[in-house]
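*Asks:* Dropping the structure in here first, questions after.
The values are calculated or read from the model by the stated rules, or taken from the named source; none is laboratory data. Here the structure is a predicted model, which is why all the values come from computation and not from measurement. Note that each Cβ is placed from the backbone with ideal geometry, even for glycine, and that neighbours are counted across all protein chains shown. Remember, those area values only see protein heavy atoms, side chains included, never the ligands or the DNA or RNA. Shrake-Rupley method; radii C 1.70, N 1.55, O 1.52, S 1.80 Å.
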Amino acid sequence: VKAIVIRVNSPGGSATAAEHIQREIRLAREAKPVVISMGSYAASGGYWISAYSNRIYAEPTTITGSIGVVGIHFDIQKLANDLGFTWDSVKTGKHADLLTISRPKSPEELAIFQRMVDWIYGEFIRKVAEGRHLDPSVVRKIAEGRVWSGAEALKLGLVDELGGLDAAIVGAAKEAKLGTDYELEEFPRPLSWSERLEAFVDRVHPVAA
């Protein structure tokens with residue numbers, strides 16, 4: 001494998017998962033070019049994993065960026081109480097049950113979560129600035145969860161070129177100095193019609209082996 005093209009079509013998700021993927025991209029870049037091809041959207045975690053690639057291609061309409069962090073915590077105390085459920089708890093420290101959904105969070109607990117969100121947001125800013133060779137102050141101005149079209153993102157320095165998957169493949173071959181003499185291998189490998197049918201049948205009628 002001389003170059004890697006990653007197709008990103010994601011609205012984001014777990015910051016931890018995004019960081020795991022981004023780490024592998026950084027490691028892969030030490031050995032070969034890694035090029036990102038953005039589909040309909042590459043937002044939040046989708047952009048997080050893209051920032052350290054050699055080159056980013058986006059469609060003019062790709063929803064790009066959403067450099068921001070949100071944390072959601074559930075409180076089901078009233079719902080549970082209405083259904084006759086209550087909780088009793090014992091704990092070894094003041095914040096041992098910080099992640100519980102059985103009661104509302106105190107202002108002090110919410111402040112702890114806010115510090116966590118702020119730290120992750122700072123890391124997001126830092127990574128985009130480092131990966132895209134932008135000043136952190138510039139990234140902060142275009143961050144705060146805002147989204148941009150691929151065409152706008154190009155002007156802002158968030159992507160390198162407008163184009164689809166084919167353009168990204170050609171660009172990766174160029175980065176790897178392959179000329180036009182190369183072959184493509186797709187992962188996961190596309191399944192044939194018969195393989196898709198067989199997989200469907202196995203899910204509907206599982207057979208123990």
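*Asks:* Below 19 Å, Cα to Cα, which aspartates and glutamates can residue 174 reach? Residues fewer than 8 away in the same chain don't count.
*Replies:* Once the sequence-local aspartates and glutamates are set aside, what remains near residue 174 is 30, 160, 161, 166, 183, 185, 186.
*Asks:* Just for the chain, what percent of DSSP beta bridges are antiparallel, to the closest 5?
*Replies:* Among the beta bridges of the chain, antiparallel pairing accounts for roughly 10 percent.
*Asks:* Can I ask one more? Could you tell me which GluC sites (Glu not before Pro) in the stretch 4-57 are loop residues by DSSP with no more than 11 other beta carbons within 10 angstrom of their beta carbon?
*Replies:* 30
*Asks:* Moving on. Which semi-axes, in whole Å and largest first, does the equivalent ellipsoid of the stretch 26-109 have when worked out from the alpha carbon gyration tensor as the square roots of 5 times its eigenvalues?
*Replies:* Result for the stretch 26-109: semi-axes of 43, 18, 10 Å.
*Asks:* Quick check: net charge around residue 130, other residues with Cβ under 12 Å of its Cβ, Lys/Arg +1 and Asp/Glu -1?
*Replies:* +2
*Asks:* State log₁₀ I(q)/I(0) for the chain at q = 0.16 Å⁻¹ as given by the Debye formula over alpha-carbon point scatterers of equal weight, solvent excluded.
*Replies:* -1.02
*Asks:* Here is the link list: 105/155; 2/141; 32/155; 91/127. Which ones come out longer than 30 Å on Cα distance?
*Replies:* Check vs 30 Å cut-off fails for 105/155; 2/141; 91/127.
*Asks:* Where Lys and Arg each count +1 and Asp and Glu each count -1, what net charge lies around residue 3 among other residues with Cβ under 12 Å from its Cβ?
*Replies:* Result for the neighbourhood of residue 3: +3.
*Asks:* At most 16 other Cβ atoms within 10 Å and a DSSP loop assignment: could you name the trypsin sites (Lys or Arg not before Pro) in the stretch 1-105 that fit?
*Replies:* Passing sites in the stretch 1-105 are 2, 91, 94, 105.
*Asks:* Assuming 1.002 mPa s and 20 °C, estimate D for the stretch 90-209 with Stokes-Einstein, Rh taken as the Kirkwood radius over Cα pairs, in µm²/s.
*Replies:* It comes out at roughly 105 µm²/s.
*Asks:* Next question, about the same structure. By how many degrees, between 0 and 90 and to the nearest 10, does the Cα long axis of helix 193-204 differ from the longest principal axis of the chain?
*Replies:* That works out to roughly 10 degrees.
*Asks:* Using only Cα atoms, find the angle between the long axis of helix 107-132 and the longest principal axis of the chain, and express it within 0 to 90 degrees, rounded to the nearest 10.
*Replies:* The angle comes out at about 10 degrees.
*Asks:* Could you state the angle between the C-alpha long axis of helix 165-175 and the longest principal axis of the C-alpha atoms of the chain, as a value from 0 to 90 degrees rounded to the nearest 10?
*Replies:* Rounded to the nearest ten degrees, it is 70.
*Asks:* Using 7 Å Cα-to-Cβ label points, what is the residue 94/residue 151 separation (nm, one decimal)?
*Replies:* Here the answer is 5.4 nm between the modelled labels.
*Asks:* Measure off, as a whole percent, the carbon and sulfur share of the 1.4 Å-probe accessible area of the chain, all protein chains present.
*Replies:* Using a 1.4 Å probe with all protein chains present, the chain comes out at 58 percent carbon and sulfur.
*Asks:* Set Lys and Arg Cβ to +1 and Asp and Glu Cβ to -1, take the dipole of the chain about its Cα centre, and tell me which of 121, 86, 104 lies farthest positive.
*Replies:* Going by the charge dipole, the pick is 121.
*Asks:* Amide H to amide H under 5 Å from residue 5: which residues, 5+ apart in sequence or cross-chain, H placed 1.01 Å off N in plane?
*Replies:* Result for residue 5 returns 35.
*Asks:* Quick check: net charge around residue 55, other residues with Cβ under 10 Å of its Cβ, Lys/Arg +1 and Asp/Glu -1?
*Replies:* Charge balance near residue 55 sits at -2.
*Asks:* Also: Would you kindly calculate the translational diffusion coefficient of the stretch 102-151, applying Stokes-Einstein with the Kirkwood radius from alpha carbon pairs, for 20 °C and a viscosity of 1.002 mPa s, and quote it in µm² s⁻¹ without decimals? Walk me through the intermediate numbers first.
*Replies:* On the way: Rh = 12.7 Å.
Using the Kirkwood radius from Cα pairs, D works out to 168 µm²/s.
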